[in-house]
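Derivation of every value follows stated rules applied to the coordinates shown; laboratory data play no part. Everything numeric here is computed off the predicted structure, so don't read it as measured data. Ideal geometry is used to build each Cβ from the backbone, glycine not excepted, and the neighbour counts take in all protein chains shown.
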Amino acid sequence: MSSVLATLVAELAAGRVTVVDLTQPLGPDTPVIGLPEMFAASPGVSIEVISRFDDKGPAWYWNTIRMGEHTGTHFDAPVHWITGRDLPNNTTDTIPARQFIGPACVIDITADVAANEDCLLDVAGLERWEAVNGRIPRGAWVLLRTGWSRRSTAEAFLNVRDDGPHGPGFDQAVSRLLATDRDVLGVGVETIGTDAGQAGRFDPPFPNHNIMHGHGRLGLASLCNLDRLPATGAVVIAAPLKLVGGSGSPVRAIALVPA
Ligand code: 23J
Ligand code: MN
């Protein structure tokens, strides 16, 4: 075993590296994204018992699960968006597993969100973060900490008003800078999707999806516990199900964090 892996195992055993679960519970109460009526809706989670120590299976318990690929804490593959549909290795079964692990850069805009729930991280905000924490390294997960995961009801989490959903995200220039110049693995958010609540009205619509996936970058949505991560120094592991041709998948996202 290489010394770095032996050290990791020892540090985990000693509690000097901890594992933070970045995943929301996944079940029938998990909120799903609402899209305008003319589009197909995300179906939500349903779970049916196959057997539970009964005549269908006297010694075993198991369920059938049904949900959209983009449900709960989940992974967005490049093929999810029209801009990424012709890229190589753009589906959950063909993305190299190497891309499921990377250093985390956590950008905290919680205070800005408290003042304006539609606030967007912009290039100036990214540069302020880099002035303190150093440049975003190549191959990083950039995680937008907003406090949104503390919204514990579906109503507050989805935050839909007459003019549609409201919530924070990225502006298009910062998405482009992260996808190209900073060469990130992808971005992760606490909200239902990696675009801002009102981003369906932006030009182009859903610019973060458009730009990230058009550059082969990944997404993570509905993360939690980002307040337990340092700005830099954690490692995120987020591996989707190997769905053949899949556009994404619920994921168990975890972070390795120095104690
Ligand atoms: C479909 C259409 C629009 C959006 C989304 C899905 C997501 O946010 C998603 O889960 O990727 S914005
Ligand atoms: Mn998604």
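Considering the stretch 180-210, the residues that are buried (at least 21 other Cβ atoms within 10 Å of the Cβ) and in a helix (DSSP H, G or I) include one that is farthest from ligand 2 (Cβ to nearest atom), namely P207.
For the stretch 228-254, enumerate the residues that are surrounded by fewer than 24 Cβ atoms within 10 Å (Cβ to Cβ), within 20 Å of G169 (Cα to Cα) and touching an Asp or Glu at 6+ places or on another chain (Cβ under 8 Å). A231 - this is the single residue of the stretch 228-254 that is surrounded by fewer than 24 Cβ atoms within 10 Å (Cβ to Cβ), within 20 Å of G169 (Cα to Cα) and touching an Asp or Glu at 6+ places or on another chain (Cβ under 8 Å).
Let's see how each residue does on (1) within 14 Å of ligand 2 (Cβ to nearest atom); (2) small (G, A, S):
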{"position": "V49", "(1), (2)": "no, no"}
{"position": "F53", "(1), (2)": "no, no"}
{"position": "G57", "(1), (2)": "no, yes"}
{"position": "W60", "(1), (2)": "no, no"}
{"position": "M67", "(1), (2)": "yes, no"}
{"position": "G72", "(1), (2)": "yes, yes"}
{"position": "F75", "(1), (2)": "yes, no"}
{"position": "H80", "(1), (2)": "yes, no"}
{"position": "R85", "(1), (2)": "no, no"}
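Restricting the stretch 211-227 to residues that are part of a loop (DSSP other than H, G, I, E, B) and surrounded by 23 or more Cβ atoms within 10 Å (Cβ to Cβ) leaves a set whose member that is nearest to ligand 1 (Cβ to nearest atom) is S222.
For the stretch 13-51, the tally of residues that are farther than 29 Å from D163 by Cα, free of Cβ contacts under 8 Å to residues at least 12 places away in the same chain and either among the acidic types (D, E) or surrounded by 12 or more Cβ atoms within 10 Å (Cβ to Cβ) (or both) stands at 1. Test R98 against the stated conditions and say whether it is loosely packed, with under 14 Cβ neighbours inside 10 Å, out of contact with any helix residue (DSSP H, G or I) (no Cβ under 8 Å at 6 or more places or on another chain), closer than 20 Å to L185 by Cα and among the basic types (K, R). Against the criterion (loosely packed, with under 14 Cβ neighbours inside 10 Å, out of contact with any helix residue (DSSP H, G or I) (no Cβ under 8 Å at 6 or more places or on another chain), closer than 20 Å to L185 by Cα and among the basic types (K, R)), R98 qualifies.
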